[in-house]
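Worksheet: the structure to be examined is printed underneath.
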Amino acid sequence: MSLSETDLRAAVAREMPGVRADLERLVRIPSIAFEGFDHSQVDRSAEAVAELLRGCGLDTQIVREGGRPAVIGRKAAPAGAPTVLLYAHHDVQPVGDPALWTSEPFEPTERDGRLYGRGAADDKAGVMAHVAALRAFGDDLPVGVVVFVEGEEEYGSESLDTILNKYNDVLRSDVIVIADSGNWDIGQPALTTSLRGLVNAFVEVRVLKSAVHSGMFGGPVPDALTALVKLLATLHDEQGEVAIDGLVGREGASVDYPEDRFRHEAGLLDGVKLIGNGSITDRAWTKPSVSVLGIDAPPTNAAANALQPSAKAKISVRLAPGDDPKSAYAAIRAHLEKYAPWGAHVEVTLESDGAPCVIDATGPAFDAARAAFQAAWDGTAPVDMGVGGSIPFIATFQELFPQASILVTGVEDPFSAAHGPNESLHLGEFARVCVAEALLLRNVAEASTR
């Protein structure tokens, strides 16, 4: 017989001290899958996750298909019960400039009810939310579970397609819970129902065979940096709207996002205007955006009085739901080649791409999730929200497991600063997430018997 809500709340509360201790243990492992970092730490992290899943009674294996290790744990469903796949990832972003962190990035530190540390929110807390729910049930788990914890999500999930295809039968399930998003606000849960796609590309501008004297040749001869800046400026119009022909844009996001809240959460400086047109949710969730992420150029303290022969930028284009990464890249490349200033030679190279997604959040699994979230947040119903970021593999899950209901949840809130300095987890909200996931598993089991 399934545990009652009261029983599950008490069980989660009982387990939370151990869950937090294990979360802190995971955060202390600098599991960065990017090139140039110590990948033995990612191996350590995978071993730690596998140990946690085995402690929950799951048949667990570490898998590697050319990239960093993932962990798969499985426990068969009781007779007639559905199977739920629980996804998270154990790799983390690089820390960036350590001087911007108030405390050590890999030493979890509590301040004002938040746990600070790289991966504390994204996504080691997602791993531990799954573990908390499993521990709450113990031997009375009412559904079958597959826990899939990826090891290179932050680095682009390069081996994910291979893993999903090779282990398709092991991972096949009725409901998929992807704990890699967030909630609408502190005290306000959410289900993520749309995410933008992504095209990252390099654009290199060349104007000279080699650097030349800026006094002798400056004036008639353009320098590559000026040409690059002029080219990048064509990506937006005067209002800040994306000016690349051929990209898809959508409208109709229904959630109200007050501008003052948005500016505060973004850390926008006084006097800096928002760019683009339409509602904030449309601009952030359902329309494309273009950002310049970096430029290869001489640093100012080492710049000679010379015209640069070449300059290179990395641009990131977020794609609206409904767009296609391949056609979008073709449109981006055509734009950059068309607007090359002064006959400059332009080369565009794709770095990575990922598909956007829209989730039809209807049906028994979504009803079960909404009821679980509303109970865990003491009567506050979850909202359906979009996310401006990208989780490209969701489209892959949709393609490979078309029969499964895909629920995108998470532990983050607007102040988690995932990917930035001083990433943190709101501990009170994390406890609610753990309760919600336990209730969700119970609700999915009960829905299957109706």
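At-a-glance table
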read-out	value
Number of the condition not met by residue 409 [criteria: (1) more than 19 Å from residue 113 (Cβ to Cβ); (2) touching a helix residue (DSSP H, G or I) at 6+ places or on another chain (Cβ under 7 Å); (3) part of a strand (DSSP E or B)]	(2)
Qualifying residues in the stretch 252-264 (those that are surrounded by 14 or more Cβ atoms within 10 Å (Cβ to Cβ) and not aliphatic (A, V, I, L, M)) - the one nearest to residue 359 (Cα to Cα)	257
Subset of the stretch 29-54 (residues that are in a loop (DSSP other than H, G, I, E, B) and either among the charged types (D, E, K, R) or on the phi < 0 side of the Ramachandran plot (or both))	29, 30, 31, 33, 34, 35, 37, 38, 39
Residues of the stretch 86-102 that turn out to be aliphatic (A, V, I, L, M) and open to solvent by 20 Å² or more (accessible area, probe 1.4 Å), as a count	3
Residue count for the stretch 383-413, restricted to those that are touching a Leu at 6+ places or on another chain (Cβ under 7 Å) and open to solvent by 20 Å² or more (accessible area, probe 1.4 Å)	7
All positions within the stretch 69-78 that are in a loop (DSSP other than H, G, I, E, B) and either open to solvent by 50 Å² or more (accessible area, probe 1.4 Å) or under 17 Å from residue 176 (Cβ atoms) (or both)	76, 77, 78
Total residues in the stretch 1-28, condition in a loop (DSSP other than H, G, I, E, B) and either of a type outside the set (A, V, I, L, M, F, W, C) or closer than 22 Å to residue 426 by Cβ (or both)	3
Within the stretch 309-387, strands (runs of 3 or more DSSP E) holding 3 or more residues that are not hydrophobic (A, V, I, L, M, F, W, C)	310-319, 345-354
Any hit, the stretch 281-301, residues being closer than 20 Å to residue 184 by Cβ, open to solvent by 50 Å² or more (accessible area, probe 1.4 Å) and in contact (Cβ under 8 Å) with a residue 40 or more places away in the chain	no
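Yes or no, residue by residue, for (1) surrounded by 23 or more Cβ atoms within 10 Å (Cβ to Cβ); (2) assigned to a strand (DSSP E or B):
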{"position": "180", "(1), (2)": "yes, yes"}
{"position": "191", "(1), (2)": "no, yes"}
{"position": "225", "(1), (2)": "no, no"}
{"position": "233", "(1), (2)": "no, no"}
{"position": "239", "(1), (2)": "no, no"}
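The values are calculated or read from the model by the stated rules, or taken from the named source; none is laboratory data. Note that the coordinates shown come from a computational prediction; the quantities given were computed from them, not determined experimentally. Glycine also receives a Cβ, built like all others from the backbone with ideal geometry; neighbour counts cover every protein chain displayed. For accessibility, only protein heavy atoms count, side chains too; no ligands or nucleic acids. Shrake-Rupley method; radii C 1.70, N 1.55, O 1.52, S 1.80 Å.
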